[in-house]
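Peer 1: Input: one structure, supplied below.
The values are calculated or read from the model by the stated rules, or taken from the named source; none is laboratory data. Since the structure is predicted, the reported quantities are computational estimates derived from the model, not experimental observations. Here the Cβ positions follow ideal geometry from the backbone for every residue, glycine too, while neighbour counts run over all protein chains shown. The area values use the complete protein model at the heavy-atom level, side chains included, leaving out ligands, DNA and RNA. Shrake-Rupley method; radii C 1.70, N 1.55, O 1.52, S 1.80 Å.
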Amino acid sequence: MLDIPCVIFAGGKSSRMGEDKSLLPFGGFNTLAEFQFSRLSKIFKTVYISCKDKSKFDFKASFIEDIETDSVFAPTAGFITIYEKLSQDSFFAISVDSPFVSENEINKIIKNDTSDVDATVAKTTSGIQPMCGIYHRSLQNKFIDMLKEENHKLGFLLKSSNTNFVEFSDEKPFLNLNHPHEYKEALKLL
């Protein structure tokens, strides 16, 4: 099992889905969040769920509630809260809506991470996958500045930091469930 803490980001607005995607049923579980928590708990020793309000979930997990910024649904505020709550210098970030990122992809990212970078994230032919990778504490102040400036573009942060991009040729593991048709496609792929 991996020592680095894993944080599942489940505090988004889900506006493209039309409903809270973290609460959609998935893979035999009542919610996508519980599915992700269960499967990632078999890979990582410690798994947290970053969210606005843990009361929406009906299963036991370690939650990191981002209650300071109710109006901000970008992951920026979540990152700041995570840095405040965790003592470790880095953590593995993954979005609740990427259920096909497997242990293979996670291990490849971890293998390519070094202590002298700010982040190590996945990159496919379609672009950077900012919600699948390792973020180091060296980015904490940049996230604070981003929140103050209301700049929530993770891609910009990663390109302007010392980021190690790990190339993946297969797009399938990085399928995000942003729209209802992608959710339906994911259910077929299970």
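Peer 1: With a 1.4 Å probe and all protein chains left in place, how much of the accessible area of region 4-89 comes from carbon and sulfur atoms, in whole percent?
Peer 2: Heavy-atom surface of region 4-89 belonging to carbon and sulfur, 1.4 Å probe: 47 percent.
Peer 1: Another question about this same structure. Using the heavy atoms of the protein chains alone and a 1.4 angstrom probe, what is the accessible area of the chain per residue in square angstrom?
Peer 2: 50 Å²
Peer 1: For the chain, which DSSP H helices look membrane-span-like by this rule: Cα extent along the axis of 24 Å or more and mean Kyte-Doolittle of at least -1.0?
Peer 2: Result, helices passing both filters: zero.
Peer 1: A follow-up question, please. With θ taken as phi - 60° and the coefficients 6.51, -1.76 and 1.60, list the Karplus ³J(HN,Hα) couplings across region 155-161 in order, rounded to whole Hz; mark glycine and proline as x.
Peer 2: Couplings: x, 5, 4, 5, 6, 9, 10 Hz.
Peer 1: Check residue 7: other-chain or 5+ apart residues with amide H under 5 Å from its amide H, H built from backbone geometry?
Peer 2: The answer is 48, 92, 93, 94.
Peer 1: Sorted by accessible area (1.4 Å probe), largest first, how do 136, 179 line up?
Peer 2: Ranked from most to least accessible, the order is 179, 136.
Peer 1: Suppose we flag trypsin sites (Lys or Arg not before Pro) only when DSSP calls them loop and at most 16 other Cβ atoms lie within 10 Å. Which is the longest uninterrupted stretch of the chain?
Peer 2: 61-152
Peer 1: How high is the relative contact order of the chain, in percent, counting Cα pairs under 8 Å that sit 6 or more residues apart?
Peer 2: Relative CO of the chain lands at 24 percent.
Peer 1: Using only the Cα atoms of region 24-125, build the gyration tensor, take square roots of its eigenvalues as a ≥ b ≥ c, and label the shape rounded, prolate or oblate: rounded if a/c is under 1.5, else prolate if a/b is larger than b/c, else oblate.
Peer 2: oblate
Peer 1: Quick one: net charge of residue 91's neighbours, Cβ under 15 Å, K/R +1, D/E -1?
Peer 2: With Lys, Arg at +1 and Asp, Glu at -1, the net is -3.
Peer 1: Under 13 Å from the Cα of residue 52, which aspartates and glutamates turn up, not counting those fewer than eight places away in the same chain?
Peer 2: Within the straight-line cut-off, residue 52 pairs with 20, 65, 66, 68, 70.
Peer 1: Moving to a separate point now. Only one of the values (1) 9, 36, 36, 13, 5, 1; (2) 9, 39, 40, 12, 0; (3) 8, 32, 34, 18, 6, 1, 0 was calculated from this structure for P(r) over Cα pairs in 10 Å bins from 0, in percent; name its label.
Peer 2: Correct label is (2).
Peer 1: When DSSP beta bridges are limited to those with both residues in the chain, what percentage is antiparallel, rounded to the nearest 5?
Peer 2: Counting DSSP beta bridges with both partners in the chain, the antiparallel share is about 40 percent.
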